[in-house]
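Colleague: Quick one: the structure is below, and I'll ask about it shortly.
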Amino acid sequence: MPKSNARFAAFAILGLPLFIAAVVFGPAAFDLVFHRRPPERFLIPAGYSGWVRVDFRQKSEPPLPMEDGHRLFKLNDKGTLQTSSDPRPGHGRDDFFYYSGDRRTLLSNAGVCKGGMVWQVETMVDDRTSTPFARFFVGTEDQYRHEVDPNKNWPVCQ
């Protein structure tokens with residue numbers, strides 16, 4: 001095989017899949033690396049299970065306080081919070097805790113089949129008010145799965 005054909009074959013075998021992977025996964029990797037924001041800390045009443053909602057840009061409400069370099073979101077017993085603060089774009093290493101008085105218990109957001117307790121963290125815009133809000137689900141994976149699709153026969157975690 002001539003040298004130029006060997007180079008082309010090596011490029012086709014190695015280079016083309018790498019190029020396709022860079023095109024497909026590159027934007028997500030770029031977003032994770034360059035759209036980082038300072039971490040936020042969420043305090044959720046002990047034992048709470050269900051959807052949490054944080055409404056931003058509420059003029060009559062106070063801004064979010066800071067704690068150890070984290071914006072502090074202390075939710076009420078209904079799992080809600082209103083603040084005059086703006087949401088911050090990007091991704092951060094957020095902390096989620098159950099709290100009771102001064103006691104805190106760290107909640108895992110490890111993901112599917114890893115014992116997570118925090119699911120589907122997202123920031124959206126309320127269609128009625130055009131104001132941003134954040135929401136996520138707090139509960140076991142079984143509770144979350146039942147919440148998002150109660151009729152689906154979900155696979156069992158091993």
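Colleague: Which whole-number percent gives the relative contact order of the range 81-139, counting Cα pairs below 8 Å spaced six or more residues apart? Don't skip to the answer; put the middle values down first.
Modeller: On the way: 67 pairs, mean separation 13.1, N = 59.
In percent, rounded to a whole number, it is 22.
Colleague: When the chain is fully extended, how far beyond the present Cα-Cα distance does Lys59 get from Met124, taking 0.36 nm per residue of separation? Please report the intermediate quantities before stating the final value.
Modeller: Numbers: separation 65, 0.36 × 65 = 23.40 nm, distance 1.83 nm.
That works out to 21.6 nm of additional length.
Colleague: Say each of His91 and Arg103 gets a label point 7 Å from the Cα, pointing the same way as Cα to Cβ; how far apart are those two points in nm?
Modeller: 3.5
Colleague: Sticking with this structure for a sec: Of all trypsin sites (Lys or Arg not before Pro) in the range 70-148, which ones are in loop regions per DSSP and have a Cβ with at most 12 other Cβ atoms within 10 Å? Don't jump to the answer; show the numbers that get you there.
Modeller: Values: sites: Arg71, Lys74, Lys78, Arg93, Arg103, Arg104, Lys114, Arg128, Arg135, Arg145; in loops: Lys78, Arg93, Lys114, Arg128.
The qualifying sites are Lys78, Arg93, Lys114, Arg128.
Colleague: Multiply the residue gap between Arg135 and Arg36 by 0.36 nm, knock off their C-alpha separation, and tell me the result in nm, one decimal place. Write down the numbers at each step before the final one.
Modeller: Numbers: separation 99, 0.36 × 99 = 35.64 nm, distance 1.89 nm.
Using 0.36 nm per residue and subtracting the Cα-Cα distance, I get 33.7 nm.
Coordinate-derived values only; no laboratory data. Since the structure is predicted, the reported quantities are computational estimates derived from the model, not experimental observations. Ideal geometry is used to build each Cβ from the backbone, glycine not excepted, and the neighbour counts take in all protein chains shown.
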